[in-house]
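Below is one structure; the comments refer to it alone.
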Amino acid sequence: MKDSLALGIDLGGSKIYAMVTDADNQILAAAKTPTDSTAEAEAIIRTMVDTGAEALAKLNRTIADIPHIGAAFPSPVDPGTGDCSFATNLGGRNFSAKKIFREITGREVFLGNDGDLGTLAEFHSGAGKPDRNVIGYFIGTGLGGGLVIEGHLLKGNCGLAGELGHMIIRKGGRRCGCGHRGCIEAYCSKIAYVKAIRKALRKSSELTLLPPDKFNEKTVNIKSKYLAKAYVDGDNVVRNAIDKGSMMLGIAAASACALVAPDCIVLGGGVISAMGNVILPVFRKSFEAHLFGIPPSKIRIALSSYGDDAVAVGATILARAEGKV
Ligand SMILES: [Zn+2]
């Protein structure tokens, strides 16, 4: 069925990931390009389109003849206009991503926030299925989140519902990239782990098993696979940083349950793909200890079934539904 195909493009912190799916959300083709975070919005969106075209070319298709196109941004999308006009990692503010896409492709491209779309994919056809109320947490460079409530993606005022990484769980706590202190993202994200590991190494005589070419005084981010290996090999400094993040995420998730009483919590993102098996028990213990009212057995905790693909798959679902999710 030619017309059931959709293209989804995920703008991530380190890579742009495009994929083509069929009506059953099966991935038929994909392509990746590194993200140049220093580029202007227009240049980045052009690279997103080129990456999409590369994935389509593998199926002998083009941007002009694909029926549905969706894209995910690491920033809020206005629920009224469906547009994204501000992203710190897109060279600034006050652009119209929708307009730039239209100028480059001649097509309408449906836009969504990355955490929202990852949660949408897991709800729709991944680990959240068949539940109606799903919270998604995506641990990567930062901590993304999303809320599906009674079967619909909750967008909220200014599209800012589900910014779960910026729930403040400790007054005066660690400084977050957003400028506030004590956000859960400042404990449970790769940027947070790197800072915590460096601080611990400065303060003690302990050593880390992380490779010196991947982790040093200047490191801002690190691939999940190196963290996972050091954790499994018994690196105490790495274990402490990640276990603290998982414990704090348990507190944040229990607080979120007091707000929305979900049926299911999905944990996803690159860190979960690499080491979900060691994060889950620490998370679960803390989550259960802080949960109010609902028996823990009534809330399903699931690891993402789409892994790194979740956000781009969510963009294809958004595009097929023409933004009405
Ligand atoms: Zn924050």
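For Pro262, state whether it is assigned by TED's automatic domain parsing to the domain that holds Phe138 and either among the polar types (S, T, N, Q) or surrounded by fewer than 16 Cβ atoms within 10 Å (Cβ to Cβ) (or both).
Details: assigned by TED's automatic domain parsing to the domain that holds Phe138: yes; either among the polar types (S, T, N, Q) or surrounded by fewer than 16 Cβ atoms within 10 Å (Cβ to Cβ) (or both): no.
For Pro262, the condition - assigned by TED's automatic domain parsing to the domain that holds Phe138 and either among the polar types (S, T, N, Q) or surrounded by fewer than 16 Cβ atoms within 10 Å (Cβ to Cβ) (or both) - is not met.
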Of all residues in the range 31-45 being surrounded by fewer than 18 Cβ atoms within 10 Å (Cβ to Cβ) and touching a helix residue (DSSP H, G or I) at 6+ places or on another chain (Cβ under 6 Å), the one that is nearest to Glu108 (Cα to Cα): Glu42
Odd one out for Tyr137 among (1) touching a helix residue (DSSP H, G or I) at 6+ places or on another chain (Cβ under 8 Å); (2) at pLDDT below 95: (2)
Residue that is part of a loop (DSSP other than H, G, I, E, B), among the aromatic types (Phe, Trp, Tyr) and over 30 Å from Ser246 (Cα atoms), where the choices are Phe101, Phe95: Phe95
Residues of the range 127-172 satisfying the condition of being surrounded by fewer than 24 Cβ atoms within 10 Å (Cβ to Cβ), in contact with a strand residue (DSSP E or B) (Cβ under 8 Å, 6 or more places away or on another chain) and in a strand (DSSP E or B): Ile168
Failed item in (1) small (Gly, Ala, Ser); (2) farther than 19 Å from Gly12 by Cβ; (3) more than 14 Å from the ligand (Cβ to nearest atom), with Gly182 passing the rest: (3)
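What tally of residues in the range 276-309 results from selecting those that are under 19 Å from Tyr187 (Cβ atoms), of a type in the set (A, V, I, L, M, F, W, C) and surrounded by fewer than 21 Cβ atoms within 10 Å (Cβ to Cβ)? Don't jump to the end; show me each part of the working.
From the range 276-309, those under 19 Å from Tyr187 (Cβ atoms) are 276, 278-291, 301; that's our starting set.
Next, from what is left, pick out any that are of a type in the set (A, V, I, L, M, F, W, C): 278-280, 282-283, 287, 289, 291, 301.
From what's left, surrounded by fewer than 21 Cβ atoms within 10 Å (Cβ to Cβ): 278, 280, 282, 289, 291, 301.
Summing the residues that are under 19 Å from Tyr187 (Cβ atoms), of a type in the set (A, V, I, L, M, F, W, C) and surrounded by fewer than 21 Cβ atoms within 10 Å (Cβ to Cβ) in the range 276-309 gives 6.
Yes or no, residue by residue, for (1) touching a strand residue (DSSP E or B) at 6+ places or on another chain (Cβ under 7 Å); (2) part of a strand (DSSP E or B); (3) not assigned by TED's automatic domain parsing to the domain that holds Ser85:
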site: Gly8; (1), (2), (3): yes, yes, no
site: Met19; (1), (2), (3): yes, yes, no
site: Leu28; (1), (2), (3): yes, yes, no
site: Ala31; (1), (2), (3): yes, yes, no
site: Asp36; (1), (2), (3): no, no, no
site: Glu42; (1), (2), (3): no, no, no
site: Arg46; (1), (2), (3): no, no, no
site: Thr51; (1), (2), (3): yes, no, no
site: Leu56; (1), (2), (3): yes, no, no
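The values are calculated or read from the model by the stated rules, or taken from the named source; none is laboratory data. Here the structure is a predicted model, which means the values were calculated and not measured. Heads up, the Cβs are rebuilt from the backbone with ideal geometry, glycines too, and the neighbour counts pull from every protein chain shown.
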